[in-house]
Amino acid sequence: MTRKTSLKDIAQLVGVSTTLVSYVLNNQKINRINKQVAEKIREVARSLNYQPNQIAKSLKTNKTFTLGLVVSDISNPFSSSLARIIEDEADTYNYTVLFGSSDEKLQKSQKLITTLLNRQVDGLLIAPPEGAEPQLAELQRQGIPFVLIDRYFPDLKTNYVALDNYGAIYTAVQHLIDSGYQRIGLITFQTSLITLQDRKQGYLSALKDNHIPIRKTWVKELGIGSIEADVRKAVSDLTTGPKPVDALLFASNTLALYGLQQLNALHRSVPEDIAVVSIDQAEAYNLFQTPITYIKQPLLEMGQLATKILLNAIKKNNTITQANLEGELVIRDSTRAIEKEIMLMN
C-alpha cells in the first residue's frame, strides 16, 4: 500500500518548516509568506498528489467544513438554483454542501436532518415542510446552528432568509389592476405555511385597497396530493361559466406550469382571453406562446445571505438574523393591457 503524502514530506522537499507548509495549504497568513515560496509549496503538493487528512483536521478544529441543505424538491428550478448558489457561496469559505429533498414530508425531513447530523455537518440550511416546528425546536435545544431558507415560522425565533411574499404578490395584483383587469383569480396551495398565507393575504389586501369585491370562488387552494388534476379543475372552474376571471395569479411555478397546459387545452389565449402572472420563473415558460409575467425572487442574495448567516452561527454568533427580501415583478406580454391599447387606438 502506497504511503500517503504528509506535510512533512512536502516541507523536506521544499526546504521549509512543516508549519509553513500548513499555513500555505490552509490559506493562512498568506500576506506574510513569500509568494514564490508559497507557489513552490503548492507545486510540490500537486506533484505528490497531496490530500489533506480531513479526519485529523476535523479533530483539531472540531469542524468538518460541511453544511447540510434540506430543500422541498431538488428537481424544482427554484430549489436547484438556490442549491447551486449556496454550494458556490459555501465553497468560497472552503465548505462543502450535502443536500437532499424532503418532498414536503415531515418524516423524510427528519430522516434527512438526522442523516446529515450523523455525517457531522457543522450546520444546516432548511426549507422546512408544514408542521416542522417540533423538529426545529429540537435543533435549537441541541444547540445545532441552522438557518431557515424560503420559509419560516413566526412563533419560532430562528435565523431565516425569505421573500417578502406579501409585498411581492400585492405588487403583482396591483399591476394587473392598473392594466385594466378586475376579476383576478388566485390558485395556491392549502397550507398553514406563512409563505403561502402571506401570498394569499397580499392578494386579498390589494383587491380590498382597490375597492374590488372579494369573491371566495376566485381563490382555489389545492392540496399537494394530486396537483396536476386539481390545477386542471381549478383553471376550468375559474375560466368558464357566466362570470369567468380575466386574470390568473399562480402562487408557485409548479402550479403555473400545469395551469398554462390547461389554458392551452381550453384554447384560451393569453392575454387576449386571460392574463397570467406567476411567482418564480421556469424554463418551460419559454415554450409557451406568450412570455409570462412573473415575480423574480432574489435567489443570489437569498442563498449567499443564508450561507453567511449560518457560518456566523457556526462561529457561535448568537445574534438572530431575520430577512425578508424584496422580489422583482418582471412584466412581460402575458399581462398586456389589451383593453387600454384598443381604447388608445380608437
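Values computed for the structure shown
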quantity	calculated
³J(HN,Hα), Karplus 6.51/-1.76/1.60, whole Hz, each residue of the range 119-126, x for Gly, Pro	7, 6, 4, 7, x, 10, 10, 9
Top positive-direction residue, dipole computed over the range 7-52 with Cβ charges, set N27, L13, Y50	N27
Ranked packing of 25-35, 213-223, 288-298, most packed first, by mean Cβ within 10 Å	288-298, 213-223, 25-35
Average Cα contact separation per residue, the range 98-178, under 8 Å, 6 or more apart, as relative contact order %	21 percent
Distance between the range 303-340 and the range 232-265 - C-alpha centres, whole angstrom	27 Å
Rounded, prolate or oblate (a/c below 1.5 giving rounded, otherwise prolate when a/b exceeds b/c) for the range 71-164 by Cα gyration tensor	rounded
In degrees, nearest ten, helix 253-265 long axis to first principal axis of the chain (Cα)	40 degrees
Of the GluC sites (Glu not before Pro) in the range 70-159, those whose Cβ has at most 15 other Cβ within 10 Å and which sit in DSSP loop	none
Residues whose placed amide H lies under 5 Å from that of L248, excluding near-sequence neighbours	G185, A275, V276, V277
Candidates A38, A313, A127, ranked by Gaussian network fluctuation over the chain, Cα under 10 Å, top entry	A38
Helix-only mean residue ellipticity at 222 nm for the chain, each DSSP H run of n ≥ 4 adding -39500 (n - 2.57), per residue, nearest 500	-14000 deg cm²/dmol
Prolate/oblate/rounded label for the range 175-237 (Cα gyration tensor, a/c 1.5)	oblate
Identified option (computed percent of Cα pairs over 39 Å apart; candidates [x] 39; [y] 18; [z] 32)	[z]
Cross-link pairs beyond the 32 Å C-alpha cut-off, checked among K108/K157; K105/K243; K200/K315; K4/K108; K105/K316	K105/K243; K200/K315; K4/K108
Relative contact order of the chain, defined on C-alpha pairs under 8 angstrom at six or more residues apart (%)	16 percent
With Cα atoms, 0 to 90° folded angle of helix 165-178 axis to the chain main axis	40 degrees
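A short reminder: the numbers here are calculations on the coordinates, not readings from a lab. Note that the structure is predicted; figures quoted are calculated from it, not measured. We place every Cβ from the backbone using ideal geometry, glycine too, and count neighbours over all the protein chains shown.
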